């Protein structure tokens, strides 16, 4: 569950924590594919270690996007649009 406050902040609770983390790792992997570096473990290595994905970043990204789409009955692009709309509502 996501709880929004009047000051524009939000809190993610319950089972949604894992879902949002998975979405965040997908976005981080996309940034890594564009060449942006981060400290610590890469999103690719986290996805491989914690979720058992195999292959290069493009293959893992495609599998993650497919899983997200299947889980919600939507494409990864539709999911990202919904998330963006939620952030726009808060402003």
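How many residues are more than 13 Å from residue 27 (Cα to Cα), surrounded by 12 or more Cβ atoms within 10 Å (Cβ to Cβ) and modelled with pLDDT of 70 or more if we restrict to the range 64-73? Don't jump to the end; show me each part of the working.
Going residue by residue through the range 64-73, those that are more than 13 Å from residue 27 (Cα to Cα) are 66-67, 69-73.
Next, only the ones that are surrounded by 12 or more Cβ atoms within 10 Å (Cβ to Cβ) stay: 66-67, 69, 72.
Now narrow it down to the ones that are modelled with pLDDT of 70 or more: 66-67, 69.
Summing the residues that are more than 13 Å from residue 27 (Cα to Cα), surrounded by 12 or more Cβ atoms within 10 Å (Cβ to Cβ) and modelled with pLDDT of 70 or more in the range 64-73 gives 3.
The set of residues in the range 20-47 being part of a helix (DSSP H, G or I) and exposed (fewer than 15 other Cβ atoms within 10 Å of the Cβ) consists of 20, 21, 24, 27, 31, 45. Screening residue 17 on (1) within 18 Å of residue 67 (Cβ to Cβ); (2) not in a helix (DSSP H, G or I) shows it passes everything except condition (2).
Considering (1) surrounded by 16 or more Cβ atoms within 10 Å (Cβ to Cβ); (2) assigned to a helix (DSSP H, G or I), the lone condition that residue 58 does not fulfil carries the number (1).
The values are calculated or read from the model by the stated rules, or taken from the named source; none is laboratory data. Fair warning: this is a prediction, and the values are worked out from it, not measured in the lab. Every residue, glycine among them, receives a Cβ derived from its backbone with ideal geometry; neighbour counts consider all protein chains shown.
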